[in-house]
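Below: one structure, written as structure tokens.
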Amino acid sequence: MIIRLNDLTKIYNSQRILDHLNLSFTDEAPCCLMGPSGSGKTTLLRILLGLERPDGGSYSITGENGSDLTGSVRFAAVFQEDRLCEAFTPVENIQMVTGRALSGERIRGELSRLLPPECFDRPVWTMSGGMKRRTAICRAVLARSQALLMDEPFTGLDEYNRRLAIRYIREKAAGRLLILTTHQEEDVELIGGRLVRL
Ligand SMILES: Nc1ncnc2c1ncn2[C@@H]1O[C@H](COP(=O)(O)OP(=O)(O)OP(=O)(O)O)[C@@H](O)[C@H]1O
């Protein structure tokens, strides 16, 4: 799968945030999107998710056999905010996106890659910021999707957990298109990715 941006432009308050952007993202390796704060990384991900409309240009998504997949690709995302249901447990938050596709046992097995078992069944509001972040990552990778968009997924993670999360994402995103924004160049190598600068 390949996502191509064709002169993609986004304007907020007469300011050109994305200005005739031409880039491509493939599923051959994770794409690490880097750029200064305010350069439009989140805006670009929101456009791909259909949450914003471009003011100019377009993007297309093409499948392996050349088929046009624009508009029909299933995305999963980690937003800058965790967007978890705070009154529910990590297991329940994940069940909300997986439905019956995964058993509780399987979800617990996946969570144990990133979190200690004592957090699995307590409300998210009782958890630390880093624990919430890891739950949001786990939820995104377990949702049925062909493409994963992650906006600064490692925010709030200590070094040990950041490396754990990178290894987990790298493994789980295999075969899917992954675009991940980061401010740390080191992440590109750790995740085995391709650096794309905005
Ligand atoms: N809904 C909006 N209305 C007006 N301006 C917006 C809106 N969303 C984003 N912007 C502006 O667009 C610019 C790009 O924002 P964006 O969040 O895409 O940057 P970013 O590269 O993700 O930054 P960071 O690395 O700090 O997360 C910023 O100047 C921001 O203020």
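The values are calculated or read from the model by the stated rules, or taken from the named source; none is laboratory data. Because the structure is a prediction, the values reported are computed rather than measured. Note that we place each Cβ from the backbone using ideal geometry, even for glycine, and neighbour counts take in every protein chain shown. Only protein heavy atoms, including side chains, enter the accessible area calculation; ligands, DNA and RNA are left aside. Shrake-Rupley method; radii C 1.70, N 1.55, O 1.52, S 1.80 Å.
A few points about this structure:
- The strands (runs of 3 or more DSSP E) located wholly in the stretch 123-198 that include 1 or more residues which are under 14 Å from the mean Cα position of the chain (by Cα) occupy 147-151, 177-181.
- Consider the stretch 32-43 and keep the residues that are open to solvent by less than 10 Å² (accessible area, probe 1.4 Å) and more than 7 Å from the ligand (Cβ to nearest atom). The one that is nearest to ASN13 (Cα to Cα) is LEU33.
- Subset of the stretch 1-18 (residues that are within 16 Å of the ligand (Cβ to nearest atom) and either in a strand (DSSP E or B) or among the basic types (Lys, Arg) (or both)): LEU5, LEU8, THR9, LYS10, ILE11, TYR12, GLN15, ARG16, ILE17, LEU18
Let's see how each residue does on (1) open to solvent by 50 Å² or more (accessible area, probe 1.4 Å); (2) of a type in the set (Lys, Arg); (3) under 19 Å from the mean Cα position of the chain (by Cα):
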position: THR9; (1), (2), (3): no, no, no
position: ASP19; (1), (2), (3): yes, no, no
position: ASP27; (1), (2), (3): no, no, yes
position: THR62; (1), (2), (3): no, no, no
position: SER67; (1), (2), (3): no, no, no
position: ARG74; (1), (2), (3): yes, yes, yes
position: LEU115; (1), (2), (3): no, no, yes
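- Here the stretch 48-58 is the region considered, the condition is being over 21 Å from LYS172 (Cα atoms) and surrounded by fewer than 19 Cβ atoms within 10 Å (Cβ to Cβ), and the residue that is farthest from the ligand (Cβ to nearest atom) is SER58.
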